[in-house]
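Each reported figure results from applying straightforward, stated rules to the coordinates on display, with no laboratory input. Bear in mind that the values here come from a model prediction, so they are computed numbers and not experimental data. For neighbour counting, all protein chains shown are included, and Cβ atoms are generated from backbone atoms with ideal geometry for every residue, glycine included.
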Amino acid sequence: MSENSSVRIGLGPDPIQIDGHVNFLRGAEGGAIDIFLGTTRRRTNGKETVLLSYEAASELAVAELSRLIEETRSRWPVLRTVVFHRTGPVSVSEISVFIGVATPHRSDAFEACRYLIDELKKRIPIWKQETFADGTTDWVEGTTPDID
Amino acid sequence: MFIIVRYYAMLRDVTDQNVEEMEVPQNCNGSGLIEAIIDRYPEVAEFAPYLRLATDTEYISRDAILTEGSEISIIPPVSGG
């Protein structure tokens, strides 16, 4: 985990502790907190998923998340940010990712939160493998990070 | 010279390696490293257009010149969230 007074970043196998993250996001200057939670869906393209398993290039992922959060803070007046992503197995309906931002006003919170999850999915080195009810597994087709 | 190469996700499955040493010519760049990997694992060719290279802390261009002992991660298309 990487944390300072305004940014908390984490990757790891433990279940997401929502209350602790919300407490970190709350503060007197803030007027809005927007939170996105990603959860494991049971059905994808007609196939039944029993769990997702996540793998990360951890050091690079934390460094890229730091850069993404700085970029977000340069575009919206974000007071505090939390990005936590699970690694390892995440069963159906469990939370795989927590994104939270605190801002003075709600429209910025919605936009900054959406930007973080959209960009995380495009460029942070994390991979998702589906395990289906019939026992087969498949790496989810992903997105090539745009670095140029 | 030798480069330390790390594989993730579907590339680890294809190569059956987490990390290995790869011999490449002096002044090899990122594209040259990918070619060396394809020489050893022809199945990697289908992924080649979609791969990124990275150090422990940042993505690097395929034009970047590699140095002896560099640790390079091969990043297939990402799918977090």
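Is the range B:2-75 best put as rounded, prolate or oblate by its Cα gyration tensor, with a ≥ b ≥ c the root eigenvalues, rounded for a/c under 1.5, and otherwise prolate when a/b is larger than b/c, oblate when not?
rounded
How many angstrom lie between the Cα centre of the range B:1-60 and the Cα centre of the range A:80-120?
The distance from the Cα centre of the range B:1-60 to that of the range A:80-120 comes to 31 Å.
In deg cm²/dmol and to the nearest 500, what is the mean residue ellipticity at 222 nm of the protein assembly as shown if only DSSP H runs of at least 4 residues count, each as -39500 (n - 2.57), divided by the residue total?
So the calculated ellipticity at 222 nm is -8500 deg cm²/dmol.
Working from Cα positions, state the angle (0 to 90°, nearest 10) between the long axis of helix B:30-40 and the longest principal axis of chain B.
Approximately 70 degrees, to the nearest ten.
Rounded, prolate or oblate for the protein assembly as shown? Axes are the square roots of the Cα gyration tensor eigenvalues, ordered a ≥ b ≥ c, and the cut-off for rounded is a/c under 1.5.
Note, shape of the protein assembly as shown comes out oblate.
State, as an integer percentage, the relative contact order of the range B:2-75 based on alpha-carbon contacts under 8 Å between residues 6 or more apart.
With pairs under 8 Å counted, the relative contact order is 42 percent.
Among the chymotrypsin sites (Phe, Trp or Tyr not before Pro) within the range B:15-81, which fall in a DSSP loop and have no more than 14 other Cβ atoms within 10 Å of their own Cβ?
none
Using a 10 Å cut-off around each Cβ, can you sort B:Ile34, A:Ile35 from fewest to most neighbouring Cβ atoms?
Least to most surrounded, the residues fall as A:Ile35, B:Ile34.
How well do other chains shield peptide A:120-128, expressed as the mean number of their Cβ atoms within 10 Å of each residue Cβ?
6
Order these by the 10 Å Cβ neighbour count, fewest first: B:Val44, B:Val19, B:Val5.
Final ranking by Cβ density, sparse to dense: B:Val19, B:Val44, B:Val5.
Indicate the gyration tensor shape class of the range A:36-141 (rounded, prolate or oblate), computed on the Cα atoms with a ≥ b ≥ c the square roots of the eigenvalues: a/c under 1.5 is rounded; otherwise a/b larger than b/c is prolate and the rest oblate.
prolate
Would you list, by chain and number, the aspartates and glutamates whose Cα falls below 13 Å from the Cα of A:Lys128, excluding same-chain residues fewer than 8 positions away?
Cα-Cα hits under 13 Å: A:Glu55, A:Asp138, A:Glu141.
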